[in-house]
Structure formats: structure tokens, C-alpha cells
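Here is the structure we will look at, set down as C-alpha cells.
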Amino acid sequence: MVEETTLHILNGQAMYDFFKRNNFLQGQKMIPFNEAMCSGETTEGLFTPEFIEKRAKVHHVTREKYTDTTLNPLKPLFSKSFTNIELWFDEDMFCQINILTILAWLDKNGHTKPINLNIVGDKFEPMGNYTLMAAGYYEHYVEVLINKTLPESIHLVPLRKGIELYLTYLHEDSNLMLYIKKNQNMTEKELVYSLLENFREYGLGDIQYLEIIRAQRS
């Protein structure tokens, strides 16, 4: 009989450090997903050499740095040294597109057990819980991140909302872009701070906002 082992996948290093510091999962195996899949382009093949090349360029780092920061922490996932998966992510757009990527990989790699998704708040406190299957999510990943279309069959409320935001947030008439245009008089630093305060549903960080501001202003 195979021993049941759970792998907890956390959205990013900050959550990982917080959980570790507070022994939140009481020594259970956990790994961070250090990515921002809502930013920049990706490839159909997940975590392939082409994917690494493209994502490293998005983050303005070398392939080696990307591998060290993003892929090496995921080795327990890639080695499939688990029977069960638990996900810990915020409900914002940033986190939801990361969830979609992880579910797509699990789908592509034949994970057939129920997955437990924990939605957490700003201070990483649990706020909601869902049980789902990975089947079909690779197709959704391609629809959303490659073809930029909204799948008809996503019923998970936070994920659907995150995808809707992702597909429109860089449009000229999105709330985010209109706000940036309206505040041309602000310095980059002031505007980044204001965006962090006023657009929490996007979950973007200062680096992503700075790139968006500079692209819009140029």
C-alpha cells in the first residue's frame, strides 16, 4: 500500500517564509511557486527549455537565475513524490493565473486525485476552500495564456474572475490603464504606491506596475 503524502504548493516565497516561520503546516512538505504568470508571454509546453527561455526574458534574468528561483523549488512537484496536492493561493488575478498554470501541469502529467485549493487573505489567513480535479485545465491554460480567450467551462469563482481580469487588464480601456493615464502628473513611485493601494484585486507587485507605467508613458 502506497503511503499517503501531501505536497503543499504556496504562491510565492513570502507565503512560504511566513508558513515556515509560524510552523503553519506543522512540518508538512511545502514548496513556493515563484512566478508571475499573469505577466508577459508563455509557451504551450510547461517548464520546457522554450518555456524557461521565454519566462527568463519576461523577468529580465538569466536562464540559470530563473531555474534557481522558480524551478529548483518545484523539484518535489516534478519528481511526483506525492500522492495528494494542496494549493494555497490568494484570490487575486496574480495568484489565480499561477493556479491555472499549476493545474495545467498536473493535468498534463496525469494527476487524477482530488486537489484541495485553499484561498487565503492578505495576511495568509485561510478564507475559503475548494475541491477540484486537474482534468481539463491544460486546455484552459492554452485557451487563456496562449490564445487569450475566456473558457466557457470554468465554474470556480475566484479563478474565473482572475481570468477575466487577466484578459482585460492591459486593454486601453481597463480601469487600471485609465487610472494610469489619468494620473500622468504623478511620479512613477507615487503612481506605483497608488496602484498597489487601489487595485488589490490584480495582486500585481511594484515591478509589474513599474513596467506597465513605463510602457504606457513611452
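The values are calculated or read from the model by the stated rules, or taken from the named source; none is laboratory data. On a predicted model such as this, the values are computed, not experimentally measured, just so you know. Positions of Cβ are backbone-derived with ideal geometry, glycine not excepted, and every protein chain shown enters the neighbour counts. Note: accessible area is taken over every heavy atom of the protein model, side chains too, but ligands, DNA and RNA are not part of it. Shrake-Rupley method; radii C 1.70, N 1.55, O 1.52, S 1.80 Å.
Restricting the range 71-121 to residues that are in contact with an Asp or Glu (Cβ under 6 Å, 6 or more places away or on another chain) and surrounded by fewer than 18 Cβ atoms within 10 Å (Cβ to Cβ) leaves a set whose member that is modelled with the lowest pLDDT is T83. When the range 6-30 is limited to residues that are among the small types (G, A, S) and at positive phi, the one that is least open to solvent (accessible area, probe 1.4 Å) turns out to be G12. For the range 177-218, filtered to residues that are in a helix (DSSP H, G or I), at pLDDT 95 or above and polar (S, T, N, Q), the residue that is surrounded by the most Cβ atoms within 10 Å (Cβ to Cβ) is S194. Applying the criterion of being open to solvent by 20 Å² or more (accessible area, probe 1.4 Å) and not in a loop (DSSP other than H, G, I, E, B) to the residues of the range 31-51, the residue that is farthest from L165 (Cα to Cα) is P49.
Among the residues of the range 167-176, those that are in contact (Cβ under 8 Å) with a residue 24 or more places away in the chain and open to solvent by 70 Å² or more (accessible area, probe 1.4 Å) comprise L170, N175.
Selection of the range 95-152 for residues being aliphatic (A, V, I, L, M), outside any helix (DSSP H, G or I) and touching a residue at least 24 places away in the same chain (Cβ under 8 Å) yields I115, L117, I119, V120, M127, L132, A134, A135.
Is it fair to say E164 is assigned to a loop (DSSP other than H, G, I, E, B) and either surrounded by fewer than 20 Cβ atoms within 10 Å (Cβ to Cβ) or without any contact (Cβ under 8 Å) to a residue 24 or more places away in the chain (or both)? No: the conditions fail for E164.
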